[in-house]
Amino acid sequence: LPIDVVSCEGNIRVYVRVRPPLPTEVATDIPTAAITFPDKRDHREIVLTSTTATATGTERTDTALFSFDRVFEPRASQSEVFEDVGQLVQSVTDGYNCTIFSYGQTGSGKTWTMEGGKTLETTGMIPRAVKQVFDTAESAKAQGWDYTMKGQFLEIVGSSLPPFLRLVDYCRGGGSTMKRSTIYSGRANWTNASTRLNTIRVDGPLSQT
Ligand SMILES: Nc1ncnc2c1ncn2[C@@H]1O[C@H](COP(=O)(O)OP(=O)(O)O)[C@@H](O)[C@H]1O
Ligand SMILES: [Mg+2]
């Protein structure tokens, strides 16, 4: 992150994105979570409400408020989410290390957010990030900067874990030198480790539709 941003806000950001109910969820009687977004100004808070019947037959309503660096409501588009994520990506071409990872239960929208759909509008964070890095490198050429991009490829496979996203799937380059390293989990806990990651040169983003 840009150093002035880090000094006033710290260098870890936690965002939450709430996806809209799916058509299948709307079609069933299963109630959806009661989530409200009271913080219209800064978009930093969500409130969960649950109503339970007590033993005496009355209803009790519990609310819980959670704060994050940024909350994205169900209507937030991929490009709105990337307005924030893009600032983190900016720090990479500024020379800092940066990790973006998405966490959540199955079906919560991780893959949608990170990979997205096939149209320009629905493109997710990874292809947008890759494109931004290469765009920045390209425009910095005019000031005499020369960037060499390298990518690594790590996949975690396990029946209880979703496959990890593969950065180089979003890049051109590498050719025959590309070798996938795989960690198999679920067999021997987390003691399996791969230390032989191949690094490949990448030349640009995969073209988007
Ligand atoms: N913001 C969103 N808008 C519309 N549909 C979404 C959104 N987030 C997720 N979905 C849909 O919800 C379903 C589950 O999302 P997915 O990304 O596959 O979850 P996960 O990777 O966390 O298991 C998919 O059908 C996906 O298209
Ligand atoms: Mg997924």
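Values quoted throughout were computed directly from the atomic coordinates according to the rules given, and no laboratory measurement underlies them. Because the structure is a prediction, the values reported are computed rather than measured. Cβ sites come from the backbone with ideal geometry, for glycine too, and all protein chains shown count toward neighbours.
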Inset, instruction - Could you calculate the contour length gain from R41 to Y96, that is, 0.36 nm times the residue separation minus the distance between their Cα atoms, to one decimal place in nm? - result: 16.8 nm
Inset, instruction - When a/c is below 1.5 the answer is rounded, else prolate if a/b is larger than b/c, else oblate, so apply that to segment 1-127 with a ≥ b ≥ c taken from the square roots of the Cα gyration tensor eigenvalues. - result: oblate
Legend entry - Dipole moment magnitude, nearest 20 debye, segment 1-150 about Cα centre, only Lys, Arg, Asp, Glu C-beta charged: 260 debye
Legend entry - Amide H contacts of T123 (H built 1.01 Å from N, under 5 Å, at least 5 apart or other chain): G117
Legend entry - Relative packing of 133-145, 80-92, which averages over residues the other C-beta atoms within 10 Å, highest first: 80-92, 133-145
Legend entry - Gained length - L120 relative to R19, 0.36 nm times residue gap less alpha-carbon distance: 34.5 nm
